[in-house]
1. I'd like the residue in the stretch 43-94 that is assigned to a loop (DSSP other than H, G, I, E, B) and β-branched (V, I, T) and, out of all such residues, is farthest from I33 (Cα to Cα).
2. For the stretch 47-77, what are the residues that are farther than 20 Å from P27 by Cβ and at pLDDT below 95?
3. So which residues in the stretch 95-119 are at pLDDT below 90, among the hydrophobic types (A, V, I, L, M, F, W, C) and assigned to a strand (DSSP E or B)?
4. Which residues, taken from the stretch 4-29, are at pLDDT below 95 and touching a strand residue (DSSP E or B) at 6+ places or on another chain (Cβ under 9 Å)?
5. Have a look at N25, N31, N88 and point out the one that is among the polar types (S, T, N, Q) and more than 13 Å from the chain's Cα centre (by Cα).
Amino acid sequence: MTDAGDDQPAGLVEHRGNVMVVTINRPEARNAINGAVSVAVGDALESAQNDPEVRAVVITGAGDKSFCAGADLLAISRRENIYHSDHNEWGFAGYVHHFIDKPTIAAVNGTALGRVCLM
């Protein structure tokens, strides 16, 4: 899924053998979580859960400054929903309460702030 007015997807999914790598792709916002990221991460986790070829998931952030800056405060100030639009029960970033049976690793490549530390 993409941010409004942005051509780049908010999350990238790559398969490396039996590992699914999910990248939060908002480096210009230090990978802050908005609705598009929550949908991208949540849907990727659901896909991993349902794919017998995926044996583990790695979540990382794009760029070299931040793994994730936490909630997108600009989106919150605009009263945007920063949760998954169809699965609010999955919690923050489409992840915190979205339990899957595959090992999930956070490859923290920079600062991790706020509720993203729950990952």
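The values are calculated or read from the model by the stated rules, or taken from the named source; none is laboratory data. Note that the structure is a prediction, hence the values are computed from the model and not measured. No Cβ is skipped: glycine too gets one built from the backbone with ideal geometry, and neighbour counts run over all protein chains shown.
1. Taking the stretch 43-94 as the starting set, the residues that turn out to be assigned to a loop (DSSP other than H, G, I, E, B) are 51-55, 62-65, 69-70, 72, 78-87, 91.
Subsequent filtering for residues that are β-branched (V, I, T) retains 54, 82.
On the way: V54: 25, I82: 7 Å.
Checked the stretch 43-94; the qualifying residue farthest from I33 (Cα to Cα) is V54.
2. Just the residues of the stretch 47-77 that are farther than 20 Å from P27 by Cβ, to begin with: 47-57, 77.
Selection gives S77 alone.
3. Matches in the stretch 95-119: A112 only.
4. At the first step, the residues of the stretch 4-29 found to be at pLDDT below 95 are 4-8.
Listed by number, the list holds a single entry, Q8.
5. Working: N25 fails: more than 13 Å from the chain's Cα centre (by Cα); N31 fails: more than 13 Å from the chain's Cα centre (by Cα).
Step by step, each of N25, N31, N88 is checked, and only N88 is among the polar types (S, T, N, Q) and more than 13 Å from the chain's Cα centre (by Cα).
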